[in-house]
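The values are calculated or read from the model by the stated rules, or taken from the named source; none is laboratory data. What you are looking at is a predicted structure, and each value in this text was computed from that prediction instead of being measured. With ideal geometry, Cβ positions are generated from the backbone for all residues, glycine too; neighbour counts draw on all protein chains shown. To get the accessible areas, we keep the full protein, side chains included, count just its heavy atoms, and leave off ligands, DNA and RNA. Shrake-Rupley method; radii C 1.70, N 1.55, O 1.52, S 1.80 Å.
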Amino acid sequence: MNSWNGIKQYNKIFLLFFLALGLSSLFAPLIKIFLDSMLPSSPFLADLLKYKQESYDFGRVMRRIIMAVVLIFIVLLRKQLMIGSLIKRGIKPIRGWRKQLQMGFLLGAGLFVLYVTILWICGIQTFDLDAKSFHDIIFRLLTLLLIAGLVGCIEELLFRGVIFQGMLLDMSAVSAVCISSLLFSSLHFFKVKFIVSTGFQPFIGFAIIYHSFKNIIVDFGTAWPTLIGLFLVGAVLSYSCLRTKSLYLAIGLHAGWVFLIKANKLFFDHHAGKNVKWLFGDNYIVTGVLGWIFLIFTLVLIRFIAKAPAGVALPHNI
């Protein structure tokens, strides 16, 4: 235990990550055997995993296995990782926390609307409503708002609350922003679709992990625009945490972006051809130069409009 306590916080985070990948890969074949036996008799599981002709997407299952293993590690090592104290520093009630949440949501949503307006004027976005009625639109928007709030809270508690603030304990603010943002960007590529057939496959977990890293390393030529965009997203969110010394502004920003990105797909189609894709990106927005410019502009705005209440400090001399 003393040797564990002597490890720097950022090394603990990376060690936890790789241990979770290794254990998940070992558990994956056993869980697959269980699913193989359950899928033919469970319509719910069959629909959830798109089970057809004795084949289904195990990549989705693997992501849930990794998440469960990480949560188990977090519960078992919560004191050593100082998870409770780090999260409390980020979400403790401070003066103006509701204002920070609101400002973050409106800032993210407002700049996104401006961005989409530019795309619409340039003919990159065309209106194509993917809804059957007014009630359907309202229901979908409320659902997206709920999803955005959950995603914003969960991802900010993990990436900025635990990982970023944990790195601030042992490294400079600039290093913590860069490394945590790179991790945030890279982990979004762990969404590989991996179709498997029924039957025992002892290395299925390791194969999915390999293909997840392959999306970044082997296919870097196609992945780098997304990596850069998500890195900038992570940097903006980390900087908002630094400026306000809390997570509320970051949660609001994150939720606003998620809501508008998903709502945008409900109302518009994206038509950026190869000649202008470098500028406008795809329908994920952050993959083009114009999207990067908007993210950098958001960073600058945060510098001038956001600040921490007096007496509030992160666990680091920022």
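Descriptive notes on the structure:
- Filtering segment 90-115 to residues that are surrounded by fewer than 18 Cβ atoms within 10 Å (Cβ to Cβ) and more than 27 Å from G166 (Cα to Cα) leaves L106, G110, V113, L114.
- Checking each residue in segment 140-185 for being crowded, with 19+ Cβ neighbours inside 10 Å and hydroxyl-bearing (S, T, Y) picks out S180, S181, S185.
- Among the residues making up segment 73-86, those that are more than 23 Å from A207 (Cα to Cα) and either surrounded by fewer than 18 Cβ atoms within 10 Å (Cβ to Cβ) or of a type in the set (F, W, Y) (or both) are I74, V75, L76, L77, R78, K79, Q80, G84, S85.
- Filtered residues of segment 299-308 (kept if more than 20 Å from the chain's Cα centre (by Cα), open to solvent by 40 Å² or more (accessible area, probe 1.4 Å) and touching a residue at least 40 places away in the same chain (Cβ under 8 Å)): L301, R303, I305, K307
- Within segment 187-197, being open to solvent by 60 Å² or more (accessible area, probe 1.4 Å) and either of a type in the set (A, V, I, L, M) or more than 14 Å from D57 (Cα to Cα) (or both) holds for one residue alone: I195.
- Residue in segment 228-237 that is more than 30 Å from K88 (Cβ to Cβ) and at pLDDT 90 or above present: yes
- Subset of segment 1-54 (residues that are of a type in the set (D, E, K, R) and farther than 21 Å from R160 by Cα): K32, D36, D47, K50, K52, E54
- Cβ-Cβ under 9 Å pairs, at least 6 apart or on other chains, segment 275-298 side touching a residue at least 60 places away in the same chain (Cβ under 8 Å), far side open to solvent by less than 50 Å² (accessible area, probe 1.4 Å) and among the hydroxyl-bearing types (S, T, Y): F280/T287; I285/Y115; V286/T226; T287/T226; L290/Y115; G291/Y115; F294/Y115; T298/S240
- Answer from I65, I118 - the residue that is at pLDDT 85 or above, open to solvent by less than 60 Å² (accessible area, probe 1.4 Å) and closer than 30 Å to L290 by Cα: I118
- Listed here are the helices (runs of 4 or more DSSP H) enclosed by segment 209-318 that have at least 1 residues being touching a Lys or Arg at 6+ places or on another chain (Cβ under 8 Å): 220-244, 248-267, 289-305.
- Scanning segment 43-59 for residues that are surrounded by 15 or more Cβ atoms within 10 Å (Cβ to Cβ) and in contact (Cβ under 8 Å) with a residue 40 or more places away in the chain turns up Y56, D57, F58, G59.
- Residue within segment 21-33 that is in contact (Cβ under 8 Å) with a residue 24 or more places away in the chain, of a type in the set (F, W, Y) and touching a helix residue (DSSP H, G or I) at 6+ places or on another chain (Cβ under 8 Å) present: yes
- So K32, is it of a type in the set (D, E, K, R) and open to solvent by less than 30 Å² (accessible area, probe 1.4 Å): yes
- Neighbours by Cβ (under 9 Å, 6+ apart or cross-chain): first from segment 198-216, surrounded by 16 or more Cβ atoms within 10 Å (Cβ to Cβ); second at pLDDT below 90 and acidic (D, E): T198/E54
- Residue in segment 265-283 that is modelled with pLDDT under 95, aliphatic (A, V, I, L, M), open to solvent by 30 Å² or more (accessible area, probe 1.4 Å) and over 20 Å from the mean Cα position of the chain (by Cα) present: yes
- Residue check for F73: under 23 Å from F190 (Cα atoms) and part of a helix (DSSP H, G or I): yes
- Within the span defined as segment 239-248, every residue fails to be farther than 16 Å from L106 by Cα, touching a Ser or Thr at 6+ places or on another chain (Cβ under 6 Å) and either touching a residue at least 40 places away in the same chain (Cβ under 8 Å) or of a type outside the set (A, V, I, L, M) (or both).
- The set of residues in segment 175-225 that are in contact with an Asp or Glu (Cβ under 9 Å, 6 or more places away or on another chain), hydroxyl-bearing (S, T, Y) and either modelled with pLDDT under 90 or under 16 Å from R160 (Cβ atoms) (or both) contains only T198.
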